[in-house]
Amino acid sequence: MAIQYLKHGRSAEASSQDAAKVRDVVTGILADVASRGDTAVAELSAKFDNWSPERFRLSEDEIASCVRTLSPGQFDDIKFAQAQVRNFAQAQRESIRDVEIETLPGVVLGHKNMPVDSVACYVPGGKFPLVASAHMGVVTAKVAGVPRIITASPPVGGKPNPAVVAAMHLGGADEIYTFGGVQAIAAMALGTQTIDPVAMVVGPGNAFVAEAKRQLFGRIGIDLIAGPSETLVIADDSVDAELCATDLLGQAEHGFNTPAVLLTNSLQLAKDTIAEVERLLEILPTANTAGVSWRDYGEVIVADTLEEMVAVADRIASEHVQVMTRDPDYFLKNMKNYGALFLGARTNVAYGDKVIGTNHTLPTGKAARYTGGLWVGKFIKTCTYQKVLTDEASALIGSYCSRLCAIEGMIAHGEQANIRVRRFGNRDVPYGTAVPA
């Protein structure tokens, strides 16, 4: 049976046209903040968020006030989620080892793993204040050993969101700011009169935030350019349509442009899931959002074999891939392009988004073909070093280096080798010539 599309989403060309409209706006805001600093940030915050505080950085008293608004249950739930993220990040950190090896007698090579000096962790506000994004950025950076961690999130309902602020604080943020959008990214990345710039910005956001990170990359480091959330549900007839539809809509509520895709080898399950999605949209409180995403970006694909399903899934390279089949480990073994896998009907993407411990900042827009998501290693620089301990080793390496430089015609480079061959190898090498073999 050929691969069938029972439902198509919006074309890639149409989506790319949307992205093009964002670029000029972002470029202008970045330039404005770069030239006018705090004044530009204040004006942009008033314009976009109707937010004009005396200062954007929260004081210790303001942070404490936010924390006090949480119920004991909310406080405990945030602490539980952060413990799961911290435990997994710590295990990841312990897997990253320094290396030192003697590759030849007297030649020592190595690398050190060092955290970046400073990081800004952005937490989106938008339709939903994503408390979990505070865990994913701040806690993970803290485990990596970053000395200075600052955070920002837009106001919600005309004030800082208490749960978001509490999560930032409990995670270990050193500075907490209430502002959002491109102006927040620009202020933290470029610096202003009152904000010292950071080395790296991480965290999800809307199309404007993603474009700001893209344009700033190079001047600062970023985790990745995260676009609209994506989910791919891979299922066979070992599960039912209600489970598939629930998991598709669970991600479709993120926004109006969230791809939610069902890939199955059961034509009946495909048809039943389409019907079940429509039924659930009648009762889902966030149907106004999820329904638009499903209408414009939802897809239903029917394949024949497991091999075809893997091939289609790798081509889609989705951010989240939920596998509900008789043998979910087949996809763990064979799939190569995904942000995160959720294996078996007992787990789901919401677990990963909120609490289970893996990081929810993941590659979108097919970026899973070349990168994974945010993890403790993103905050760490692996820097090499070398030592030559003996005269004999320097002369040996120098001889090869001299001849290799001559192949490229780089005479001054070659002289760096030659002078050491003369001094440490006691060989007469005329200036500007290669060491004979």
> Between 293, 66, 235, whose Cα lies farthest towards the positive end of the dipole of the chain when Lys and Arg beta carbons carry +1 and Asp and Glu beta carbons carry -1, centred on the Cα centre?
Replying inline: 66
>> A 28 angstrom limit on the alpha carbon distance is what I want to check against. Which of 21/366; 142/213; 47/378; 47/213; 336/387 exceed it?
In response: 47/378; 336/387
> Which Cα, out of 264, 394, 384, lies furthest along the positive dipole direction of the chain (beta carbon charges, K/R +1, D/E -1)?
Replying inline: 394
> If you keep only loop residues by DSSP, which trypsin sites (Lys or Arg not before Pro) in the stretch 314-347 have at most 13 other Cβ atoms within 10 Å of their Cβ?
Replying inline: 326, 336, 346
>> Using only the heavy atoms of the protein chains and a 1.4 Å probe, how would 111, 360, 320 rank by accessible area, largest first?
In response: 111, 360, 320
>> Sort 382, 371, 178 by heavy-atom solvent-accessible area, probe 1.4 angstrom, most to least.
In response: 382, 371, 178
> In whole Hz, what ³J(HN,Hα) sequence does the stretch 351-366 give by Karplus (6.51, -1.76, 1.60; θ = phi - 60°), x for Gly and Pro?
Replying inline: 4, x, 5, 10, 8, 6, x, 6, 7, 9, 8, 10, x, 10, x, 6
> Rounded to the nearest 500, what is the chain's calculated 222 nm mean residue ellipticity when only DSSP H runs of at least 4 contribute -39500 (n - 2.57) each, over all residues?
Replying inline: -14500 deg cm²/dmol
> If the chain between residue 326 and residue 101 were fully stretched, how many nm would it gain, using 0.36 nm times the residue separation less the Cα-Cα distance?
Replying inline: 76.4 nm
>> So, for the chain, what is the accessible surface per residue at a probe of 1.4 Å, expressed in square angstrom?
In response: 48 Å²
>> Tell me which DSSP H helices of the chain clear both cut-offs, 27 Å or more of axial length from alpha-carbon atoms and a mean Kyte-Doolittle hydropathy of at least -1.0.
In response: 12-36, 72-95
>> Using the Cα centre of the chain as the reference point, and only Cβ charges (+1 on K/R, -1 on D/E), how large is the resulting charge dipole? Debye, rounded to the nearest 20.
In response: 1180 debye
>> Just to make sure I understand: if all protein chains stay in place, what is the order of 294, 51 by accessible area at 1.4 Å, largest first?
In response: 51, 294
> Where in the chain lies the longest segment free of GluC sites (Glu not before Pro) that are both loop residues by DSSP (not H, G, I, E, B) and have at most 14 other Cβ atoms within 10 Å?
Replying inline: 55-281
> So for the stretch 181-280, taking the charge dipole from beta-carbon charges (+1 Lys/Arg, -1 Asp/Glu), which of 206, 187, 248 sits furthest toward the positive end?
Replying inline: 187
> Which percent of the accessible area of the chain is formed by carbon and sulfur heavy atoms (probe 1.4 angstrom)?
Replying inline: 54 percent
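The values are calculated or read from the model by the stated rules, or taken from the named source; none is laboratory data. Given the structure is predicted, the values throughout are model-derived calculations rather than measurements. No Cβ is skipped: glycine too gets one built from the backbone with ideal geometry, and neighbour counts run over all protein chains shown. Remember, those area values only see protein heavy atoms, side chains included, never the ligands or the DNA or RNA. Shrake-Rupley method; radii C 1.70, N 1.55, O 1.52, S 1.80 Å.
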